[in-house]
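Please treat every number below as a calculation from the coordinates, not as lab data. Owing to the predicted nature of the structure, the values given are computational and were not obtained by experimental measurement. Cβ sites come from the backbone with ideal geometry, for glycine too, and all protein chains shown count toward neighbours.
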C-alpha cells in the first residue's frame, strides 16, 4: 500500500524505502499517542481496542508487512492459549522455548534469503515480542504461586487474574513500542491503562503529573538530531569500508581513528528510533518514573531504552553496558538470570553463561554478534581486574579518584567498545577478523596483558612478613607456577563476577511505569 508515495519519499530523502516506512510509522505514533491520551479514562476497553487497531494499521498500511503481522499475531495467540491451558511450571518453559525457536527460525530465514541485508522486516518487532511474551508467561505463572515464594519484583508484576484476549493483545501490540520497543511489564501497562497511579482515592479524579509533553518533545527533538547526524555521518563513516583496499592502505592511526568514528556514527540509528518510541510512549501517558531526587522534576523516562549521556560518558565498560538497551538487560536479568538460579541458591557460572547464551541467541546467528559478545565479556573481565588493582592506588583522601583517572576511564572504555562492536556491524566472521587483524587485535592483546600482568605488577593485597618469607623461600619455578595459578583463578572468578555484578545491580532501581 502507498508504494508510489513512499518510493518518492525514499528517493527525495535518500533513505531506503523500508527505513522511510518505519520512520513514518514512528512519526505517526506521536499524533496517535496524543489522541490516545484523550480517550475516556473510565473506558479501558476502548483504549485496548484503540491500541490493537492502531498497531495493525501501522504494521499493515504504513510498514506494509502483513506477513510480519501474521507471525506476531500467531505466536501471541498461541502463547495466550498455552498459558490458559498449562497451569504448572512447564507453561512458561514451553512458551520460552517455543517463542525462542520461532524467532530463531525467522533469524535464520533472513540470513539465508538476505545475508548481510539491512532491510527491515518482522524479525525486529519479533525480538521485542519475544521479551514481552516470555515475561508475560512467567508473570502469569507467578500469579498462581504462593506469594511467599516470590521476590519483591515478582510479586509486583505477578498476574493474578488471567487476562482476556483483548487486554493481552493490547499489551502485546501497544502501538508506540510495537516496532522498535521498548519492552515493559504487563501489570505496569494495565496500571497505565486504568490510571490507578494517578487517580485520587477519595475523589476518583485523575491528576496527571507535569512534564509529560516536555519529556516527549525532548525525545522527539533528540531523535530528529540523531537522524540528521545519521544522514550526514553514515555515508562518510560506513563500517563496511574497513574491508576495502583503500582503508587497508591508510596509516595505522588513521585506520584506528576511522573505526572509532564508524562505530560512533552507527549508534545514531539506535538513538533515533529508541528515543522516538520513548517520546511517543510518554505522550500517550506511559512512562512516569516518579520525581528526580536531584532536580525535583517529574520524570517520564521509565520506558527509556538507552541513556545516551551515560553511555557516551561512561567511565567503565560496565557503565556503558548498563546504559545500553536497558529493556533487554531487564529481561535477561529477571527472566533468564534469576529464573535459572535455584531457589535460595547463589549466582554462579551457570547462571552467568546461560544469560550470555540467551542474549546471543536472541540477537541472531551472524558470527559477528558472537565475536563481539565473547570479546566484550573478556574485556569486561580485564576492566574489572584493572579497576580492582589500580583504583585503590589512586583514590584521594576524599575517597574519590582524581579527574584524570575518570577521564582516562571514559577514553579507554569508548575506545574498547568501539573496537569490539565492529563485528556487530560487519556481521561476517571473515570481515570481522580481518579488521581486527589489520588493527593488530589491540584491545584483545591489551585485555590479555591486563589479566596476566596487572595482578603481578600491582598486587591487590600486601602479604604479611611470614607470607613474604615463605614466598622468597620458594624456587623460581614454583613461584612462576603459583603466580600463573593465582592469575588464572582470579581471571576465571572475575569473568563470572563481572557479568554477575551487571545483572544484579544494573536495574536495581524500581521503575514506576504506571
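Structure data summary
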{"quantity": "Gyration tensor (alpha-carbon) shape descriptor, the stretch 79-169, a/c threshold 1.5", "calculated": "prolate"}
{"quantity": "The stretch 39-198, relative contact order in percent, only Cα pairs under 8 angstrom and at least six apart counted", "calculated": "34"}
{"quantity": "Inter-part distance where the stretch 15-76 and the stretch 388-434 are each reduced to a Cα centre, Å", "calculated": "40"}
{"quantity": "Size descriptor, Kirkwood hydrodynamic radius, that averages inverse alpha-carbon separations across the chain, Å", "calculated": "25.0"}
{"quantity": "Distance (nanometres) between label positions extended 7 Å along Cα→Cβ at residue 357 and residue 442", "calculated": "3.6"}
{"quantity": "Cβ-Cβ FRET estimate between residue 221 and residue 148, R0 fixed at 51 Å, reported to 0.05", "calculated": "0.60"}
{"quantity": "Relative contact order (%) - the stretch 316-458, alpha-carbon pairs under 8 angstrom, separation at least six", "calculated": "31"}
{"quantity": "Helical contribution to [θ] at 222 nm, DSSP H n ≥ 4, -39,500 (n - 2.57), averaged over the chain, rounded to 500", "calculated": "-22000 deg cm²/dmol"}
{"quantity": "C-alpha center-to-center spacing [the stretch 316-376, the stretch 171-229] in angstrom", "calculated": "27"}
{"quantity": "Net length gained if the chain between residue 410 and residue 9 were fully extended (0.36 nm per residue, minus Cα distance)", "calculated": "140.4 nm"}
{"quantity": "Nearest-ten-degree value, helix 429-438 long axis tilted from longest Cα axis of the chain", "calculated": "40"}
{"quantity": "Zero-based 10 Å bins, Cα pair distances in the stretch 1-154, whole percents", "calculated": "9, 29, 32, 22, 7, 1"}
{"quantity": "Rg over Rh, two decimals, the stretch 143-289 (C-alpha only, Kirkwood Rh)", "calculated": "1.17"}
{"quantity": "Rg and Dmax [Cα atoms of the stretch 299-341; Å; Rg one decimal, Dmax integer]", "calculated": "11.8, 33"}
{"quantity": "Virtual spin-label span in nm between residue 269 and residue 457, 7 Å along Cα→Cβ", "calculated": "3.9"}
{"quantity": "Calculated FRET value between residue 429 and residue 202, using beta carbons and R₀ = 60 Å, to 0.05", "calculated": "0.40"}
{"quantity": "Whole-angstrom gap from the stretch 128-170 to the stretch 246-301, using each part's C-alpha centre", "calculated": "30"}
{"quantity": "Distance histogram for the stretch 16-86 (every C-alpha pair counted, 5 angstrom bins, percent rounded to whole numbers)", "calculated": "3, 14, 19, 19, 18, 15, 9, 3, 1"}
{"quantity": "Crossing angle, helix 476-505 versus the chain [Cα axis fit, 0-90 degrees, rounded to tens]", "calculated": "20"}
{"quantity": "Over the stretch 194-252 - Rg/Rh using Cα atoms and the Kirkwood inverse-distance radius", "calculated": "1.48"}
{"quantity": "Where labels lie 7 Å past Cα in the beta-carbon direction, separation of residue 394 and residue 312 in nm", "calculated": "2.3"}
{"quantity": "Acute angle (nearest 10 degrees) that the helix 3-13 long axis makes with the longest principal axis of the chain, alpha-carbon atoms", "calculated": "40"}
{"quantity": "Stretch gain in nm, segment residue 70-residue 297, where the contour uses 0.36 nm per residue and the Cα spacing is subtracted", "calculated": "77.5 nm"}
